[in-house]
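Okay, so here's the structure we're looking at.
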Amino acid sequence: MEHRDSAPRAAAAAGRPLDRRAELSEFLRSRRARLKPEDVGLPEFGRHRRVPGLRREELAQLAGVSVAYYTRLEQGNGRNVSAEVLDSIARALRLSDAEHAHLTHLAKPKSHKKKPAARQQQVRGALRQLLDTMDGVPAYIVGRRSEILAWNRMAAALFGDWAELPAAERNWARLTFLRPEYRELFVDWEQKAIDIVCALRMDAGCCPDDPRLSALVGELSVKSEEFRRLWATHDVKEKSHGVKRLHHPLVGDLSLNWESFRLAGDADQCLVTYHAEPGSPSADSLRLLASWGTDATRAVPSA
């Protein structure tokens, strides 16, 4: 349940590192709350339960650990927890692969020297050239914190000419939650919003000390009630492909397949491409956008 003072508290915390212990505690509580005894083969004694979902005692039993041990972990004390115990808890909570990885990042932070999370993200020149050669295929590169780092002409025609925005505004989270034009662009805006928040949660687990990420979360929490609601779910997922339905101001409705490729040289960056089924109305619409070239960007949201 969202507290009334969540926005002021988010404003006060903006820019501070995320509290890894609090993140671990809230994540485990949220995953436990979504399970019912019958979901995991346990009998349900009585109709009235003081807490939603599984009790700590039930979860500890499923994971094969003591109640005291699990309680310490759920209170945010992940010190000295073994990978085997985390695996058992992940199985008991029925975590997805992405959720399992997120739990591991929160409970067992890497001991090696961290790379500076706030460093400027750079896109190799060869990758920029690759984007330019992908004629007819909207493509862009997105980095940490959902930052849009590079894009081609077709991406600008489809999503807006991001070159006209200040660098700080070239961010999918800010565009989605703070610019109403993008609500009209994405037919299933709610799913787009969920995907972005889930990705930011993954970033938070990997880089809780990133001040720019903390500032972004704080800003969005203050300015968007919908972001606060989705952030409070603690959901994490990693999607690599799907179908996106758009309503473009010039060519109308499009249904596009998208693919995401994590770059081997920099795992923080992903190449994202969009294409239409051959012979479909969406393919015709993409060709029409390509023929308009830069003129098409004047009709899309960021123009």
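The values are calculated or read from the model by the stated rules, or taken from the named source; none is laboratory data. Everything quoted here is computed from the prediction, not taken from an experiment. Heads up, the Cβs are rebuilt from the backbone with ideal geometry, glycines too, and the neighbour counts pull from every protein chain shown. In case anyone asks, the SASA skips ligands and DNA or RNA and just uses the protein heavy atoms, side chains included. Shrake-Rupley method; radii C 1.70, N 1.55, O 1.52, S 1.80 Å.
Things worth noting here:
- Meets criteria (assigned to a loop (DSSP other than H, G, I, E, B), under 27 Å from W231 (Cα atoms), open to solvent by 60 Å² or more (accessible area, probe 1.4 Å) and modelled with pLDDT under 85) for P17: yes
- From the options A126, A150, A139, residue that is exposed (fewer than 14 other Cβ atoms within 10 Å of the Cβ), at pLDDT 90 or above and either in contact with a strand residue (DSSP E or B) (Cβ under 9 Å, 6 or more places away or on another chain) or under 14 Å from L271 (Cα atoms) (or both): A126
- Count - residues of the range 149-175 that are more than 22 Å from R228 (Cα to Cα), under 21 Å from the mean Cα position of the chain (by Cα) and not small (G, A, S): 4
- Pairs where the first residue, in the range 33-49, is at negative phi and the second is of a type in the set (V, I, T) and modelled with pLDDT under 70, C-beta under 9 Å, 6+ apart: A33/V51
- Residue list for the range 162-177, restricted to those being closer than 28 Å to L103 by Cα, in a helix (DSSP H, G or I) and open to solvent by less than 30 Å² (accessible area, probe 1.4 Å): W172, A173, T176, F177
- Positions within the range 273-299 being at pLDDT below 90 and among the acidic types (D, E), in sequence order: D295
- Members of the range 54-96 found to be of a type in the set (G, A, S) and touching a residue at least 12 places away in the same chain (Cβ under 8 Å), listed by number: A63, G64, G76, G78, A83, S88, A90, A92, S96
- Residue satisfying condition, being modelled with pLDDT of 90 or more and on the phi > 0 side of the Ramachandran plot, within set H247, H234: H234
- Note on the range 245-284: residues that are within 16 Å of G160 (Cβ to Cβ) and either among the aliphatic types (A, V, I, L, M) or surrounded by 19 or more Cβ atoms within 10 Å (Cβ to Cβ) (or both) amount to 8.
- Restricting attention to the range 178-195, the residues that are touching a strand residue (DSSP E or B) at 6+ places or on another chain (Cβ under 9 Å), touching a residue at least 60 places away in the same chain (Cβ under 8 Å), open to solvent by 10 Å² or more (accessible area, probe 1.4 Å) and outside any helix (DSSP H, G or I) add up to 1.
- Of the set (1) closer than 18 Å to G218 by Cα; (2) at pLDDT 85 or above, all apply to L54 but (1).
- Members of the range 249-261 that are more than 15 Å from D188 (Cβ to Cβ), touching a helix residue (DSSP H, G or I) at 6+ places or on another chain (Cβ under 9 Å) and of a type outside the set (V, I, T): P249, L250, G252
- Selection of first residues in the range 275-288 that are over 13 Å from R245 (Cβ atoms) and of second residues that are open to solvent by less than 20 Å² (accessible area, probe 1.4 Å) and outside any helix (DSSP H, G or I), restricted to Cβ pairs under 6 Å at least 6 apart or on distinct chains, gives the following pairs, ordered by first then second residue: A283/A276; L286/A276.
- Screening the range 89-103 for residues that are under 20 Å from K36 (Cβ atoms) and part of a helix (DSSP H, G or I) and picking the one that is most open to solvent (accessible area, probe 1.4 Å) gives R91.
- Selection within the range 196-218 - open to solvent by 10 Å² or more (accessible area, probe 1.4 Å), among the acidic types (D, E) and either at pLDDT 95 or above or not in a helix (DSSP H, G or I) (or both): D209
- The range 222-239: number of residues that are open to solvent by 10 Å² or more (accessible area, probe 1.4 Å) and assigned to a helix (DSSP H, G or I): 8
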